[in-house]
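Written below as structure tokens is the structure these notes are about.
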Amino acid sequence: MTTCTSAEAAKLLRRLRLEKDAIESKEMRQTTYVSTADPGDMALARPDYDYAETQKTLREYEDRILAVRHALNLFNLTTEVPGTGMTIDQVLIYLPQLSERVRKLQNLGRQLPRERLSGRDCSIGGQRLVEYRFANYDPEKALSDGKAAEEELARIQTALDLVNSTKELEIPV
């Protein structure tokens, strides 16, 4: 058993994937070869490759990656982020939703209460009319709500970062 924070577990997972990818890349270069050497000298051209050992090593990496990912998933499902009333798993779903809300409210807050549409003048009965677009809501309220959502987003991200860098989980590696 290894004890680490989820941030450390994520780094371990990244390292294991990179190491496994390197073995697979090397394997792809070693599984075949081309030679113009004399058949008696073919051994000189043959890359050093042990099929059984390589497959065993790759399975070991897969098992370790599985163990780390499973431990992280369990940690995320059961660990509450302080001040949110949500587990890490729920926060990871909520953060993108909250980010989208911030983006939408900021866009709504940038609208003008009344905006003249250029090139959209028209005449009715000889009278020249100007066309306007009106906000059907209070843009200042949208801006205020967007700021509140942005503050909530920052607060939750900070709380999540704190959990990920301080709370520990056990990984059976």
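Throughout, read-outs are computed from the coordinates displayed, never taken from laboratory work. Remember, it's a predicted structure, so these values are computed and weren't measured experimentally. Quick reminder, even Gly has a Cβ in these numbers, built from the backbone with ideal geometry, and neighbours come from all protein chains shown.
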What residue among Gln97, Gln127, Gln111 has the largest mean-square fluctuation in a Gaussian network model of the chain, using Cα springs under 10 Å? Gln127
Would you please classify the overall shape of the range 1-89 from the alpha carbon gyration tensor, given that a ≥ b ≥ c denote the square roots of the eigenvalues, rounded means a/c under 1.5, and beyond that prolate means a/b larger than b/c while oblate covers the rest? prolate
Measure nothing fancy, just the Cα-based angle from helix 88-109's long axis to the longest principal axis of the chain, in degrees from 0 to 90, nearest 10. 30
Could you identify which residue out of Ser25, Ser118, Ser144 has the top mean-square fluctuation in a GNM of the chain using Cα springs shorter than 10 Å? Ser118
Candidates Ile93, Ile156, Ile65, ranked by Gaussian network fluctuation over the chain, Cα under 10 Å, top entry: Ile93
Leu95-Leu74 pseudo-label distance in nm [points 7 Å out on the Cα-to-Cβ vector]: 2.3
Thr87 long-range amide H proximity, modeled H, under 5 Å: Val81
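Kirkwood Rh, Cα Rg: Rg to Rh for the range 50-173?
A ratio of 1.36.
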